[in-house]
Each structure stands twice: as structure tokens, then as C-alpha cells.
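Colleague: A single structure is presented below for examination.
The values are calculated or read from the model by the stated rules, or taken from the named source; none is laboratory data. As the structure is a computational prediction, the values presented were derived from the model and not from experiment. In this analysis, Cβ positions are derived from the backbone assuming ideal geometry, glycine residues included, and neighbour counts consider all displayed protein chains.
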Amino acid sequence: MELNKEFIEWFNKNKTKDEYRKIILKYFKESLYCRICEDVIYYYDSSFIFGKNGLKLKGKSFETSKGIDKVYYLSICEDCLSKKYPEYQDKNKSRVFNQMNYLTEYAFDIDHEIAVKWVKEKYAITETNLIKKWGEESGKERWKNYLQKQSFSNTFEYKKEKYGWDEEKFKEYNKSRSVTLENLINRHGEDIGLNIWKRYCDKQKYSTSVEYFIGKYGTSKGIEIYENFCKKRLHGAGYSIVSKELFDCVLNRIPNFKAYYADNEWYYYDKENKKYYLIDFYIKELNVGIEFQGDIWHANPKKYKPNDKPYPFQKDLMAKEIWEKDRIKNDFLKTKLNKLIIIWESDLYKEGIEQTVNKIIKEINE
């Protein structure tokens with residue numbers, strides 16, 4: 001095989017994978033191989049140019065710096081990429097890797113968290129990015145307006161008016177947005193979906209663990225900050241500030257009822273066990289109660305295993321013991337109330353206050 005300009009011109013017009021493989025193996029010292037089929041990485045728009053410094057590859061870029069902290073190299077051939085994601089063939093081939101997406105992640109073997117970080121730092125609408133672009137005063141104002149718009153655009157009223165959705169469609173939409181194993185597999189395929197789910201679960205648990213704070217701030221400072229983190233939402237009277245914000249919004253939706261919460265508390269007495277049980281939010285006229293369960297204080301089962309110890313100021317209390325205490329309390333309250341509604345802290349943050357309030361109001365009215 002003679003390497004000259006005429007040959008390169010011939011190949012670029014009549015390229016085949018076999019000829020491509022021969023050229024790559026003969027003239028490129030560091031050949032890149034597909035991590036799936038282990039053949040040379042070949043894309044059908046690949047071509048060569050014969051320049052002063054020898055043969056150069058054109059077409060798909062074999063490297064990207066989208067990983068923020070390092071260069072990533074193409075590790076999937078077009079055949080294997082198309083087999084995994086058939087929709088790739090319908091994309092604009094010259095631009096498909098110009099942006100960070102699931103195809104880019106897979107083709108360059110980029111960790112999903114790094115990809116998300118890259119997109120967030122460069123493109124996401126965040127307060128930091130808006131301040132960088134518009135200055136502190138204008139940036140903060142734009143951020144505030146953006147949050148208000150996002151809050152309204154996620155309401156049932158907005159979806160109904162704009163798209164004609166009914167409540168069933170709205171429920172289906174919200175369900176599809178949540179971070180669940182099923183949704184991740186539907187979006188990314190089984191292999192990537194399972195990996196993302198595992199990383200998500202590990203991150204959720206680790207980021208609220210004492211090990212996380214010790215690793216970030218050192219032993220002494222880390223434990224101190226962790227304890228403050230666990231307690232920071234607790235008011236001196238013993239209620240959660242974030243729960244009060246939620247319950248204030250609930251009460252605004254039912255102004256004709258009197259509710260007991262925060263500083264105005266309501267208890268039920270368990271005569272058999274000689275114990276008072278506080279209800280986080282209580283509507284006496286309806287005999288309906290709401291319990292707001294903090295992820296750490298109540299050992300959210302999505303984040304903790306039975307033998308985990310969620311917070312340091314009760315070192316001997318494991319998650320399974322916390323669950324049992326809550327079960328006894330809730331079972332008792334259910335015998336006294338017409339309805340008991342449970343709201344988890346992580347669900348509130350994921351769904352937002354307005355959507356959570358809508359859900360609570362609906363359950364109250366059912």
C-alpha cells in the first residue's frame with residue numbers, strides 16, 4: 001500500500017472499514033480500539049488528509065476536554081454506538097459530539113457526574129452563572145424571576161392551560177421526572193441507567209454522612225459541621241423550619257380551617273404506653289394530621305440501611321430502631337385520626353413546595 005496524495009483521495013471517496021483498518025494499523029502508532037468489539041474505532045465520516053507532517057485523521061474527533069479536569073478519548077466505534085443507541089443514525093453526525101449528552105458520555109466513557117458538572121458549570125441557569133453574565137444585582141434579580149417562572153410552569157394549572165393536560169397526565173409527567181431506577185433505565189438504557197442509579201444512591205447517602213463532612217473539613221471540624229447540619233433545620237421549640245414553611249403554605253390553601261403546628265402544637269396521649277405523641281400539623285375540624293419526616297432524623301430508608309446510624313448525637317440508635325419508633329407512633333396516630341399524611345424531606349426538595357402542597361390538599365380532600 002503506497003502512501004501518497006492520490007491514494008488518500010481515492011480512499012476518501014471510496015472508504016471502507018477494511019481499508020481504514022489497514023491504514024490505521026500501518027501508519028498510526030497509537031491506534032484506538034473500541035472497548036466493546038475491540039476493533040479499531042471507525043466512523044463512516046472518517047477520512048484522512050496527507051499534509052507536510054504526514055497522514056492526519058479527519059472527521060470524528062478522537063478526543064475531548066469536556067471532562068473538565070482531563071482529556072477523554074473516543075472509545076466506541078460507530079457500529080457499537082449505533083447498536084446501543086439506534087437513534088444515533090438520525091443525528092447530525094458532524095455535531096453529535098459537540099455537546100454533552102448521553103451519546104457523548106457513552107462514546108467517550110465519561111462519568112455521568114462529571115458530565116453533569118460540566119454542563120452545569122458551562123450552560124445551566126444557576127445564580128452563579130447569571131451573576132457572571134449580568135453582574136451581581138441583575139443576576140440575582142434574573143435568578144429570582146427564573147425560580148418564580150419555574151415554580152409556576154410546573155403547576156397543574158400551567159400544564160392544563162398550555163397543553164390541555166388532565167390530572168392523570170400531570171401525574172404521569174411528574175412520575176416520569178423523578179429519579180427512579182425505572183426512569184433512569186428508560187432514559188439511558190439498562191447498563192447506564194443501573195450505573196447512574198447506583199451512583200445516585202451512593203451519593204445521596206454519602207453526602208449526608210459524617211464521613212463526607214470529615215473528609216471535607218477534617219475530623220474535629222467535620223463532626224461539628226455535621227452535627228450542625230443535622231440540627232440546623234430544628235427550631236428551639238423542636239420543630240423543623242422547612243416544615244413550617246411548608247405548613248404555612250398549606251394553611252394558606254385552607255384558610256377556613258384552624259391548624260395546629262410549630263409553636264401551637266397538638267398532642268395525642270397514648271394511655272396504654274403512657275406517652276404523648278406530637279403531630280407536626282393537625283386540622284382539628286377534619287381530624288387530619290401531617291407528619292414531616294426529615295431524612296436524617298427519621299433515617300429515610302432510601303438513604304440508610306437498617307444498621308446505619310444516621311446522626312452522631314444518638315450514636316447507639318440505628319436506622320431500624322428509628323423506623324420502629326416511627327411505626328409505633330404512626331400506628332397509634334392512625335387509630336386517632338381520620339387520615340395521616342406522611343411527607344419526606346427529600347420528596348419536598350425534589351417536588352418543590354407548590355407541588356407538595358397540591359398533593360397534600362388533594363389527600364386532605366379525598
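Colleague: Restricting the search to region 106-129, which residues are under 18 Å from R199 (Cα atoms), over 16 Å from the mean Cα position of the chain (by Cα) and crowded, with 16+ Cβ neighbours inside 10 Å?
Modeller: Answer for region 106-129, where residues must be under 18 Å from R199 (Cα atoms), over 16 Å from the mean Cα position of the chain (by Cα) and crowded, with 16+ Cβ neighbours inside 10 Å: Y106, I110.
Colleague: Another question, then. Please go through region 67-103 and pick out each residue that is aliphatic (A, V, I, L, M) and touching a residue at least 12 places away in the same chain (Cβ under 8 Å). Steps first, please.
Modeller: Keep residues of region 67-103 that are aliphatic (A, V, I, L, M), which gives 68, 71, 74, 76, 81, 96, 100, 103.
Residues satisfying the conditions are I68, L74, I76, L81, M100, L103.
Yes or no, residue by residue, for (1) in contact with a helix residue (DSSP H, G or I) (Cβ under 8 Å, 6 or more places away or on another chain); (2) without any contact (Cβ under 8 Å) to a residue 60 or more places away in the chain:
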residue	(1), (2)
Y261	yes, yes
W266	no, yes
L278	no, yes
A299	yes, yes
K336	no, no
I342	yes, yes
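Colleague: Here's another thing I want to ask about it. Give region 141-153 a look and list any residue that's exposed (fewer than 14 other Cβ atoms within 10 Å of the Cβ) and either in the same structural domain as G352 (by TED's automatic domain parsing) or not hydrophobic (A, V, I, L, M, F, W, C) (or both), or say none. Outline the logic, then answer.
Modeller: The initial filter retains those residues of region 141-153 that are exposed (fewer than 14 other Cβ atoms within 10 Å of the Cβ), namely 141, 144-145, 147-150, 152-153.
Result: E141, K144, N145, Q148, K149, Q150, S153.
Colleague: Please verify whether N4 is at pLDDT below 75, out of contact with any helix residue (DSSP H, G or I) (no Cβ under 7 Å at 6 or more places or on another chain) and assigned by TED's automatic domain parsing to the domain that holds I110, treating the condition exactly as stated. Outline the logic, then answer.
Modeller: Numbers: at pLDDT below 75: yes; out of contact with any helix residue (DSSP H, G or I) (no Cβ under 7 Å at 6 or more places or on another chain): yes; assigned by TED's automatic domain parsing to the domain that holds I110: yes.
The answer is yes for N4.
Colleague: I'd like the full set of residues that are among the aliphatic types (A, V, I, L, M) and over 28 Å from the mean Cα position of the chain (by Cα), limited to region 322-366.
Modeller: I328, L333, L337, L340, I364
Colleague: Here is a follow-up. So which helices (runs of 4 or more DSSP H) are wholly in region 257-366 and hold at least 2 residues that are among the polar types (S, T, N, Q) and surrounded by 12 or more Cβ atoms within 10 Å (Cβ to Cβ)? Show your work before the answer.
Modeller: On the way: elements: 319-336, 345-351, 353-365.
Of the helices (runs of 4 or more DSSP H) lying wholly inside region 257-366, those with at least 2 residues that are among the polar types (S, T, N, Q) and surrounded by 12 or more Cβ atoms within 10 Å (Cβ to Cβ) span 353-365.
Colleague: Further question: Check L340 against each of (1) touching a Cys at 6+ places or on another chain (Cβ under 8 Å); (2) at pLDDT 95 or above and name the one condition it does not meet.
Modeller: Going through the list (1) touching a Cys at 6+ places or on another chain (Cβ under 8 Å); (2) at pLDDT 95 or above, L340 breaks only (1).
Colleague: Taking the condition of being at pLDDT below 90 and either of a type outside the set (A, V, I, L, M) or touching a Gly at 6+ places or on another chain (Cβ under 9 Å) (or both), how many residues in region 307-337 meet it?
Modeller: Selection size over region 307-337: 10.
Colleague: What pairs can you find where one residue is in region 193-205 and closer than 10 Å to E113 by Cα, the other is aliphatic (A, V, I, L, M) and modelled with pLDDT of 70 or more, and their Cβ atoms are less than 7 Å apart, with a gap of 6+ or different chains?
Modeller: I196/L184
Colleague: Another question, then. Which of the numbered conditions does L340 fail, given that it passes all the others? Conditions: (1) in contact with a Gly (Cβ under 7 Å, 6 or more places away or on another chain); (2) closer than 30 Å to K149 by Cβ.
Modeller: Every condition holds for L340 apart from (2).
Colleague: Return the pairs, sorted by first residue and then second, in which the second residue is modelled with pLDDT of 85 or more and in a loop (DSSP other than H, G, I, E, B), the first residue lies in region 27-42 and is surrounded by fewer than 17 Cβ atoms within 10 Å (Cβ to Cβ) and among the polar types (S, T, N, Q), the beta carbons are less than 9 Å apart, and the residues are 6+ apart or on different chains.
Modeller: Every condition considered, the pairs that remain are S31/I41.
Colleague: Keeping to region 154-178, report how many residues are exposed (fewer than 13 other Cβ atoms within 10 Å of the Cβ) and at pLDDT below 75.
Modeller: Residues in region 154-178 being exposed (fewer than 13 other Cβ atoms within 10 Å of the Cβ) and at pLDDT below 75: 4 in total.
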